[in-house]
Amino acid sequence: MNGTTTIAEFRDAILDPAKRAHYRLAWISTVDHKRIAVLYMLTALFFFVVGGVEALFIRLQLAVPNNHFLHPDTFNQLFTMHGTTMIFLVVMPVVFGLANYVLPLQIGARDMAFPRLNAFGFWCVPFGGILLHFSVLAGGAPAVGWFSYAPLSETPYSSSPGADYWAVALFVLGIGSISFAINTIATVISLRGPGMTMRRLPLFTWINFVNAFIVIFALPVLNAGLAMLLIDRQLQGHFFLPFRGGSPVLWQHIFWAFGHPEVYIMALPAFAIVSEIIPVFSRKPIFGYEFVAASSVAIAVLSLGVWGHHMFTVGMGRPLDVFFAISSMLIAIPTGVKVLNWTATMLGGRIRFDVPMLFCIAFLIQFLVAGITGISHAVVPLDWQTKNSYFLIAHFHFVAVGAIVFAVLGGIQYWFPKMSGRMLSETLGKWTFWLMVAGFNMTFIIQHFLGLLGMPRRVFTYPDLPHWGWMNMLSTTGVFFMSAAALILVWNLATSFFRGKVAGDNPWNAWTLEWATTSPPPHENFIALPPIRSRRPLWDIANPDRPDPIVGENSAAVTLPDHNKVGILTFILSEAGFFGTLLLAYLYFYARPEAGPGPKELDVPRTLVFSICLFASSFTFWRSEVGLTKQRRGSMLGWLALTILLGGVFLVGQVNEYWKLFQTGVDLSTNMFSTTFFTLTGFHGLHVLLGLIALLIFLWVAWEGDFASGRGSAFKAAGYYWHFVDVVWVFVLLTVYILPLIR
Amino acid sequence: MRTSNALDPQSPLARAIYDLGIVSGVVFALIFIIVTGAIIYAIFRFRAREGEPDPKQIAGNRKVEIAWTVIPFLIVVFLLVMTLGAMNRADPPPAPSPDLVVTGHQFWWQADYPGSGVITANEIHIPTGKPLSVRLESKDVLHEFWVPKLTRKMTNVPGQPNHIWLQADKPGIYIGQCSEFCGTQHAWMRIVVVADEPSKFEEWQRAQLLPGQAAASDATAKGLALFQTSTCINCHAIRGVAGADLRVAPDLTHVASRKQLAAGIIENTPANMRLWLKNPQHIKPGALMPDFEFTDEQLDQLTEYLSTLR
């Protein structure tokens, strides 16, 4: 494959049938971050149209009162799919795609840390999208809302498999997101170019880096919840069904513990985009880089502690309501302060109103509204009226569309030239912009008032109450403007790709490293890197008389941490969230007494024996590592084989324990103890099994003879994973087996 | 006109929320005006003009940034204090035993009055002028009780009774709706709260406690017989009718006294009652009442009978 093909050749190739076949394979099998990024963004664009059509139908049905255009079931499927599609198949892929393209360039790297993992992460998106949409052919799309509250999402109330497809699709998409986050973290930590210290990172990179940590902590919690829902639906578990001892509110806690960080996962990349564009088009640096960077960290940390504000009406009790009110109001501060930083960047500048900047200015005002209505929801009694109403719908669409989509559109207009070598049309861009401003505001401002007039969300129709009719009609009208904008955008992308003005390296006179190479960049991104001493290397080159002050110390010969180690440690962090959720669910039900089997059914001494085998395998693995480091093949192989054996013994012990329980009639469906016990130990066992498979592969590779210590770093990484699986078992052992004996 | 306007509070509970909304609204409006003002000022004052040099490359101002972090923090503290006060006023601690138990079903509301023993559906009568302690439950999925003019909304969680206070200052009809998506007909789970002067409420209560009227004419007797034999009694209760005491579906003892049918989807007239009985799925597809394929004659009889249940 010719890695240095220019975009011009690629353009000609599209028009030549013979070459098309080559490029098809090249793009499907690519591990180049730039191509993967484009695939992400094209996929997002496709699903944007799908989700937009779903929205169009929703608004058509709601245009007039008492409408019968759509059957209620159809409407309920539409809004479920619309929300799920827009969040998981549009916004997340497009922001990951943009980061995928730009981030390695901004830090002076050749690619992401794990190119094959990058490809895997991308392919999870179309796969998850197909899984989700297959439900339409398999009995109907899910009709449970994008957050699938229990008990409605449980089998007695949603018997068609739509909810199962929803859960499995999101599980796959979540794995893809976590993969990209691991890659981002490892890339930023381990692959920065010479002189690119952490303090000199452009805000786009920094904010996406911080964002990756939110993904690491939040997505696994969702996956744990999805696993529990699937266990309920498919294996007769009881996690969320009250009539068998489960708790619908537990689903809400688990989902929103993911769901709230999720909205920051979508919003932070929008902040990242805007933090790049506004300074460039104001011709001055961002006002208060440190505060913006620090506030991003504050948001990431706080975002993990505010989820209860989605549950103010569920009856958590006054103390919890107050706690979440406080945390939610606190998070407004770092968020709001950013708006001031961006505005202050414009003040005193020389503002150019190119299309990227137009989108950012609209973003500022619309995000301000979104933030303010957000704080209004943190004012708990106000939420007691506005939650689950059109006021809430207005709020989150101001965030998702008014802020995030607008920022992304600005980002696309800004970076398209770098990706394709051509400028997007300014004129078409301005049409897109003004149609979006008109349509978006027409649709969503009025919804604030509809909510205050008492219209709830997720209703397929409504009675002809005063003002509800014309307000809904106005809201529907806006959709046509937005549709027109979308069509013009697609037209702009297609025609500019072939006939746009040639862009050159740095059409916007920007200052970060992605503009220090050709448009598009060569396969390895840079021929040479400029000196990096500040946050704006290209400003320094263009203005040698007044460069930016040097940031931090020069990083002469800093050895960056090994990317394999960073990667596996990040993965382990994500797994901690997954197991943490399962463990907490176990403890939640353990605290509630119930009839039936309990920890007394467990044979603790026998389990201790098998546990000792597992713990011993950590020791033997360490010995094997030592053997590898000392290049003693026999020692390495022997200890590794022993490790695998001990792990295998543990698994056999587990299977034996399960078998004994099944024989006495205790399985997943018996009661809450059995459901949570089998879920927790089952997933742990699965991780042991996967670890054993990895170790077997290493054993085979070592046996075949190729064991230069070049692979040592990967082997060590496997070791971290193996030790982690042991540590999880320590927690499980203590909680499930030992705790009942003491307490 | 019946509206569910949250900006027209009709109880001290709703008013506490409304007042908080006004105060917060002023704060929010000020923030919006100031910040948007600054943005618009920047757009006009600092647009790039031909031939101008680069602006001063200011990277920040520590003092300004600290100030604009502290000030929002103070605003947040203020809002928090107001919030705590309003939480107590809009949602005082529950009473030990409820005056009213509202149970959500797919897709209707059951209202029980533990004190008097009245059981009814969808149309909830209350006396004016005093706060009523309401317990919220659910028989199936999550529902949410929301009557904006009178009180906060709260979720009906199966297996976890919740509590709100409900009050109306003046007599009148106050409407609301289920606001937690609960399935196909979530849109038509409307709530009608009828607030009466205490004496009139007592009257209503006494009437509700009477059993369903005995069949007066031949047609109504046939209607009653149909009710008892067509599996209606598997779901519906009518006090005074032997064997009809299950409440999987709305209690029909005084169904003719209600203003609407099927949780607000149609007005309660004999013609509409007949249409509903003819094919409930046609009016409210997804409701849990099947189509019994009654003949025209049977429909007339059933309607006649049910219309006597005032």
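Using the charge dipole of the protein assembly as shown (Lys, Arg: +1 at Cβ; Asp, Glu: -1 at Cβ; taken about the Cα centre), state which of A:T386, A:L368, A:A486 has its Cα farthest towards the positive end.
Of the options given, the answer is A:L368.
Give the ranking of A:S29, A:S303 by solvent-accessible surface, highest area first, calculated with a 1.4 Å probe.
A:S29, A:S303
Longer than 22 Å from Cα to Cα, which of B:K259/B:K284; A:K387/B:K284; B:K222/B:K284; B:K149/B:K259; A:K387/B:K149; A:K387/B:K259 are they? Say none if no pair is.
A:K387/B:K284; B:K222/B:K284; A:K387/B:K259
Got a sec? Which residues in region A:533-574 would a label at A:W622 touch, if it sits 7 Å along Cα→Cβ and we count backbone N under 18 Å?
Answer for region A:533-574: none.
Rounded to the nearest 500 deg cm²/dmol, what is the calculated helix-only ellipticity per residue at 222 nm for the protein assembly as shown, with -39500 (n - 2.57) per DSSP H run of length n ≥ 4?
On the way: 31 runs with 612 residues, N = 1053.
It lands at -20000 deg cm²/dmol.
What nm distance separates the two modelled labels at A:L137 and B:I34, each placed 7 Å from Cα along Cα→Cβ?
Spacing of the two 7 Å Cα→Cβ label points: 5.8 nm.
If I take R0 = 30 Å and measure r between the Cβ atoms of B:R206 and B:S97 in this structure, what FRET efficiency does the formula 1/(1 + (r/R0)^6) give, to the nearest 0.05?
FRET efficiency, B:R206 to B:S97: 0.90.
How would you classify region A:435-491 from its alpha-carbon gyration tensor, with a ≥ b ≥ c the square roots of the eigenvalues: rounded for a/c under 1.5, else prolate if a/b is greater than b/c, otherwise oblate?
Numbers: a/c = 2.86, a/b = 2.43, b/c = 1.18.
It is prolate, given that a/c is not under 1.5 and a/b is the larger ratio.
Please enumerate, by chain and number, the aspartates and glutamates with C-alpha under 17 Å from the C-alpha of A:K716, excluding those fewer than 8 residues away in the same chain.
A:D562, A:E625, A:D706, A:D726
Of all the stretches in chain A, which is the longest one without any exposed loop site, taking chymotrypsin sites (Phe, Trp or Tyr not before Pro) in a DSSP loop (any state but H, G, I, E, B) with at most 14 other Cβ atoms within 10 Å?
Value returned for the longest uninterrupted segment is A:354-743.
How far is the Cα center of region A:568-604 from the Cα center of region A:631-708, in Å?
First find each Cα centre; the distance between them is then 18 Å.
Tell me the per residue accessible area of the protein assembly as shown using a 1.4 Å probe; a whole number in Å² is fine.
38
Within chain B, which complete DSSP H helices have Cα atoms spanning at least 24 Å along the helix axis and a mean Kyte-Doolittle hydropathy of 0.5 or higher? List each step's numbers first, then the result.
Values: long enough: B:12-45 (48 Å, 1.83); B:62-90 (41 Å, 1.39).
Taking the DSSP H segments of chain B (at least 24 Å long, mean hydropathy at least 0.5), we get B:12-45, B:62-90.
Using the structure shown, select from A:K338/A:K418; A:K338/B:K63; A:K284/A:K501; B:K130/B:K200 the pairs with a Cα to Cα distance greater than 18 angstrom.
Beyond 18 Å between Cα atoms: A:K338/A:K418; A:K284/A:K501.
Rounded to the nearest 0.05, what FRET efficiency do B:E297 and A:H71 give with R0 = 35 Å and r taken as the Cβ-Cβ distance? Could you check?
0.65
Assign one of three labels to region A:315-456, namely rounded, prolate or oblate, based on the Cα gyration tensor with a ≥ b ≥ c the square roots of its eigenvalues; rounded applies when a/c is under 1.5, prolate when it is not and a/b is larger than b/c, and oblate otherwise.
On the way: a/c = 2.79, a/b = 1.82, b/c = 1.53.
Here region A:315-456 falls in the prolate category.
When a/c reaches 1.5 or more, the comparison of a/b and b/c decides; with that in mind, is region A:538-688 rounded, prolate or oblate per its Cα gyration tensor?
It comes out oblate by the Cα gyration axes.
For region A:414-428, just list the computed ³J(HN,Hα) in residue order, Karplus coefficients 6.51, -1.76 and 1.60, θ = phi - 60°, integers in Hz, with x standing in for Gly and Pro.
With coefficients 6.51, -1.76 and 1.60, one gets 6, 9, 3, x, 5, 6, 10, x, 10, 7, 6, 5, 5, 5, 5 Hz.
Please give the FRET efficiency for A:R546 paired with A:E290, using the beta carbon to beta carbon distance and R0 = 22 Å, rounded to the nearest 0.05.
According to the calculation, E is roughly 0.60.
What does the buried accessible surface come to for A and B, summed over both chains, with the probe at 1.4 Å? Round to 100 Å².
On the way: alone 29760 and 17060 Å², together 39620 Å².
Interface area, both chains combined: 7200 Å², rounded to the nearest 100.
Along Cα→Cβ, 7 Å out, is where each label goes; now give me the distance between the ones at A:H523 and A:T427 in nm to one decimal.
Distance between label points: 3.9 nm.
Can you pull the mean other chain C-beta count within 10 Å for peptide A:450-463? Display every interim value, and only then the final one.
Working: counts 0, 2, 7, 7, 14, 4, 14, 4, 7, 9, 6, 3, 4, 8.
Taking the mean over all residues of the peptide, I get 6.
When N counts the residues of the protein assembly as shown, how does its alpha-carbon radius of gyration compare numerically with 2.2 N^0.38 Å, as a ratio?
That ratio works out to 1.02.
For region A:168-185, in order, what is each residue's ³J(HN,Hα) by Karplus, 6.51 cos²θ - 1.76 cosθ + 1.60 with θ = phi - 60°, in whole Hz (x at glycine and Pro)?
Per-residue couplings from phi come out as 5, 4, 5, 4, 4, 4, x, 4, x, 5, 5, 4, 5, 5, 4, 4, 4, 5 Hz.
For region A:598-742, with all protein chains present and a 1.4 Å probe, just round the carbon and sulfur fraction of the accessible area to a whole percent.
Carbon and sulfur atoms account for 74 percent of the accessible area of region A:598-742.
The values are calculated or read from the model by the stated rules, or taken from the named source; none is laboratory data. Given the structure is predicted, the values throughout are model-derived calculations rather than measurements. Here Cβ is always computed from backbone atoms with ideal geometry, including for glycine, and neighbour counts include all displayed protein chains. Side chains included, ligands, DNA and RNA excluded: accessible areas come from the protein's heavy atoms. Shrake-Rupley method; radii C 1.70, N 1.55, O 1.52, S 1.80 Å.
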